[in-house]
Structures are given as C-alpha cells and as structure tokens.
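Notes to accompany the following structure.
The values are calculated or read from the model by the stated rules, or taken from the named source; none is laboratory data. Keep in mind the model is a prediction, meaning the values are calculated, not measured. Note that we place each Cβ from the backbone using ideal geometry, even for glycine, and neighbour counts take in every protein chain shown.
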C-alpha cells in the first residue's frame with residue numbers, strides 16, 4: 001500500500017525529472033530555463049519532504065530565485081537570435097540518453113556498494129539558530145564570496161546586454177536634414 005509520503009515523493013520526483021528533461025530537450029533556451037527552475041523547485045520540495053526546511057528554503061532562494069532568474073534575465077537582455085530554436089540532432093539526443101542511463105546505473109551501483117540501505121541512527125539535526133550561527137560565523141566569508149559571484153554575474157549580464165545597436169532614428173534625422181538643405185520649398 002502506498003501512503004501519502006510515498007505518493008508525494010513519487011509526484012515530486014516526477015516534477016524534478018520532468019523539469020530536468022524539459023530543460024534539456026527544450027527547443028528554445030527560455031523554455032529550458034523555465035524547465036530548470038521547475039527542476040530546482042522539485043528538488044527543494046524533496047528537501048521539505050525530508051524534513052529539512054532550511055535547505056529547502058535555501059534551494060528555492062539560491063537556485064530558483066537567483067540562478068534560474070539570472071539565466072532568464074541574461075537571455076532576455078542579450079537576445080541572441082541563434083539561441084532561439086537551437087535543438088539537438090538525433091545523434092546528440094541518443095548520446096544524451098545513453099549518458100543518463102549510464103549515470104543512473106552508476107548511481108544505483110554506488111548506492112548498493114556503499115551499503116546505504118543499512119544505515120544507523122543519525123544525530124538530531126541542528127536547529128535554525130545553530131545553522132544561523134554557523135553561517136554567520138565560520139562560513140560567513142564563503143557566503144560573501146558567493147554573493148560577490150552572483151553580483152558579478154548580474155553585472156556581466158548587464159554588460160552583455162548593453163550592445164550598441166544602430167538606431168533607425170539617426171538615419172531618418174540625417175535624411176530630414178538633407179531634405180531641408182536641398183531647398184524643398186524654401187524662400
């Protein structure tokens with residue numbers, strides 16, 4: 001009999017894997033970024049299911065909130081025409097499928113080889129206060145570096161988006177000035 005937790009796990013796993021597959025198989029990069037965000041959200045939901053709300057909220061904040069949105073903004077700001085409509089050919093799709101099967105096979109083998117099925121009782125998880133003290137104490141420089149990397153990514157995206165494009169108003173203004181000098185109805 002499948003209880004509610006097992007059903008939720010199966011549903012969230014389907015969301016996670018479905019988002020990852022849609023991210024890989026999307027014909028346009030925008031839809032790939034949305035699929036990536038859905039996959040990240042599925043992983044965060046799995047953390048909630050595992051009674052780890054801090055990691056789940058961190059996953060949503062960093063990956064869904066920052067990385068996926070950064071990818072979307074970068075794509076929207078840069079607007080490279082060649083990114084829209086690119087797709088893999090049949091040989092590349094087969095190679096990707098073969099890679100996924102090999103990865104899943106190796107993960108299953110490593111799970112059984114590590115003996116994770118006979119685990120012992122673990123120590124209780126630290127409280128929110130304990131995690132906060134770790135993050136603001138020993139791991140504070142790491143978080144600051146990560147924040148700087150994300151800020152540099154946003155600045156890089158903005159720099160890439162600021163491309164000088166020839167405007168059509170300049171050529172029209174020059175044409176109008178030439179018409180005025182040409183004496184179209186002057187005195």
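General remarks:
- The single condition among (1) modelled with pLDDT of 75 or more; (2) within 25 Å of the chain's Cα centre (by Cα); (3) farther than 19 Å from residue 56 by Cα that residue 146 does not meet is (3).
- Extreme residue, modelled with the highest pLDDT, among residues of segment 41-68 that are within 9 Å of the chain's Cα centre (by Cα) and either surrounded by 19 or more Cβ atoms within 10 Å (Cβ to Cβ) or under 20 Å from residue 18 (Cβ atoms) (or both): 63
- Some residue of segment 12-21 being closer than 28 Å to residue 127 by Cα and surrounded by fewer than 19 Cβ atoms within 10 Å (Cβ to Cβ): yes
- Residue within segment 82-100 that is surrounded by 10 or more Cβ atoms within 10 Å (Cβ to Cβ), under 25 Å from the mean Cα position of the chain (by Cα), closer than 30 Å to residue 51 by Cα and modelled with pLDDT of 80 or more present: yes
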